[in-house]
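First comes the structure, then the notes that go with it.
The values are calculated or read from the model by the stated rules, or taken from the named source; none is laboratory data. Note that the structure is predicted; figures quoted are calculated from it, not measured. In this analysis, Cβ positions are derived from the backbone assuming ideal geometry, glycine residues included, and neighbour counts consider all displayed protein chains.
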Amino acid sequence: MSFQAPLATSRSVTGLPTGRLAIWWVVVSEIVIFGGLIACYVMFRLRHPEWGEYASHTSTPAGALNTFVLLTSSLSIVLAHQAAAAGNLVKSFRYIWCTIGGGGIFLLVKSYEWTTEISHGYTLFANNFWSFYYTATGLHGLHVIAGMVIMAIISIGVRKGEHLPRVEYIGIYWHFVDIVWLFLFPLFYIAK
């Protein structure tokens, strides 16, 4: 008796693998969430020029470091996908964990930032700017954590040579997380 993959994962009406289609649905739904949050922030920011003063208290060097870290981690997940496609499972596994490490560095820098800002009295409830800042960067941080957890789970399958297309799918998700940061960084750190 041989094992067959369920039909739902082996064919697709669209001609796309079901997993790829599913991850794009997730990304589209996340675009709605982050798009709405960013649009609200921009509309408020245009009506409140004093928010520039509040934004001057965010750490541009820390935000720039996190931008570099996320972009580098995007490269490592691309390399993990390439290695998996080439059948080099050890290399793919290592690159996945490099990406997870990048996510960890991002979270450490973000924790340092938040600790510093809170210690100076810039809390979630200080004013609307800080409410937007903590909500947007916190929601983004949760997405980083989710991506790291999913990558760790996928890496187990990669080590066994199973479910290799999932490396591509988590890569798509991770690129989305990076793109969101590329919007948040200038809005909260540069536009002062």
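When Gly157, Gly138, Gly161 are checked against the criterion of being over 20 Å from Trp25 (Cβ atoms) and under 18 Å from the mean Cα position of the chain (by Cα), a single residue qualifies: Gly138. Is there a residue being over 19 Å from Thr135 (Cα atoms), touching a residue at least 40 places away in the same chain (Cβ under 8 Å) and not charged (D, E, K, R) anywhere in region 45-67? Within region 45-67, one or more residues are over 19 Å from Thr135 (Cα atoms), touching a residue at least 40 places away in the same chain (Cβ under 8 Å) and not charged (D, E, K, R).
When region 1-51 is limited to residues that are modelled with pLDDT of 95 or more and charged (D, E, K, R), the one that is farthest from Val144 (Cα to Cα) turns out to be Arg47.
Going by what's in this entry, would Tyr169 be described as within 24 Å of Leu79 (Cα to Cα) and hydroxyl-bearing (Ser, Thr, Tyr)? Criteria met by Tyr169. The set of residues from region 113-131 being loosely packed, with under 14 Cβ neighbours inside 10 Å and of a type in the set (Phe, Trp, Tyr) comprises just one member, Phe125. Every test in (1) touching a residue at least 60 places away in the same chain (Cβ under 8 Å); (2) surrounded by 20 or more Cβ atoms within 10 Å (Cβ to Cβ); (3) under 17 Å from the mean Cα position of the chain (by Cα) is passed by Gly147 save one, and that test is (1). Filtered by the rule that a residue be assigned to a helix (DSSP H, G or I) and in contact with a helix residue (DSSP H, G or I) (Cβ under 6 Å, 6 or more places away or on another chain), region 111-128 gives a lone residue, Glu113. Restricting attention to region 158-177, the residues that are among the hydrophobic types (A, V, I, L, M, F, W, C) and either within 11 Å of Ala80 (Cα to Cα) or not in a helix (DSSP H, G or I) (or both) add up to 4. Considering only region 90-101, I want to know if a residue exists there that is out of contact with any strand residue (DSSP E or B) (no Cβ under 6 Å at 6 or more places or on another chain), assigned to a helix (DSSP H, G or I), crowded, with 19+ Cβ neighbours inside 10 Å and among the aromatic types (Phe, Trp, Tyr). For region 90-101, residues out of contact with any strand residue (DSSP E or B) (no Cβ under 6 Å at 6 or more places or on another chain), assigned to a helix (DSSP H, G or I), crowded, with 19+ Cβ neighbours inside 10 Å and among the aromatic types (Phe, Trp, Tyr): present. Residues being surrounded by fewer than 20 Cβ atoms within 10 Å (Cβ to Cβ) and within 16 Å of the chain's Cα centre (by Cα): count how many of those fall in region 77-89. Here the count works out to 1.
Taking every residue in region 106-131 that is of a type in the set (D, E, K, R) and pairing it with any residue that is in a loop (DSSP other than H, G, I, E, B) and modelled with pLDDT of 95 or more, at least 6 positions away or on another chain, the pairs with Cβ-Cβ distances below 7 Å are Glu113/Ser59; Glu117/His57.
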